[in-house]
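S.K.: First, the structure itself, so that you have it in front of you.
Here, each number is a calculation from the coordinates, and none is a lab measurement. Everything numeric here is computed off the predicted structure, so don't read it as measured data. Every residue, glycine as well, gets a Cβ built from its backbone with ideal geometry; the counts of neighbours run over all protein chains shown.
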C-alpha cells in the first residue's frame, strides 16, 4: 500500500531522479558517439554486433562503458551498505558529474574519461534508490517502467483487471501509486533527454544541472523521512 505521505513525495523523487538519468544518458549519447551511459541493453546489443563485425574500436568503447557501469554498481553497493543512509550516494554522484564536466571542457580527449565517469554515475543511481512509495521503480531504465505502467492501467481501470495474486490494493486492484509512479519515471526520462538536447547546444556547463538536482534530491530525501524506498 502507499505509505501515509501519499504519492506526492515519491513522485517528486522519481521525477527528479529520472530527469537526471534521461538528461545524463542523452548528453552522453551526444558526446560519446551514440553510446548510452545508462541503457546497458542497447550497449550490450552493440557489443555483440561489434564483435561479430570485428569492429574492435567500437567493441573497446562499448566494453569500457559496460565495465564502468558494472564497476559503478559494485562501488555503490559496497559504499551504500556502509553509509547511515543510502541517499548519501547521490552526493558522491554530484562531484563525479562535475568532474565529467571539467573533463568535457579541458581534456584533449574527453570521451575516454567522460564515458566511464557518466556510466559509473548512472550505475550508482540505479543502486541507490529503487523503491518509491512502496513501488519498485528503476529511474535509470525505461522498458520495465513501461511494462509496469501498462499493467497498472489494466489492473486499476479495466474490467476484470484485478490481479489473481494480490500484492497491492484491495483484492489485487492496483493502486494510484502503481499507475502514476511508473508513468512519472517514463515522462521525466523523456523530459530529461529533451532538456539535454537543448542544453548541449545552448549551455557551456550542461552537467552542472543534474549535479545540482542530485544535491537537491538528497536534501529532499533527508528532510522528508521516513524513507523505506532504498
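S.K.: For residue 102 and residue 216, FRET efficiency with R0 = 25 Å and r from the beta-carbon atoms, rounded to 0.05?
M.R.: For R0 = 25 Å, the calculated efficiency reads 0.75.
S.K.: Based on DSSP H runs of at least 4 residues, each adding -39500 (n - 2.57), what is the mean residue ellipticity at 222 nm of the chain after dividing by all its residues, to the nearest 500 deg cm²/dmol?
M.R.: Theoretical 222 nm ellipticity from helices: -23500 deg cm²/dmol.
S.K.: So, one more: Within 10 Å of each residue's Cβ, count the other Cβ atoms and sort 77, 16, 204 from fewest upward.
M.R.: Ranked by crowding around the Cβ, least crowded first: 204, 77, 16.
S.K.: Quick check on the exposure proxy: order 51, 78 from fewest to most C-beta atoms within 10 angstrom.
M.R.: 78, 51
S.K.: Obtain the nm distance between the two label points defined at residue 151 and residue 41 by a simple spin-label model: each point lies 7 Å from its Cα along the Cα-to-C-beta direction.
M.R.: 1.4 nm
S.K.: A further question on this structure: Pick the calculated Kirkwood radius over Cα pairs in Å for this structure from (i) 18.3; (ii) 19.7; (iii) 17.4?
M.R.: (i)
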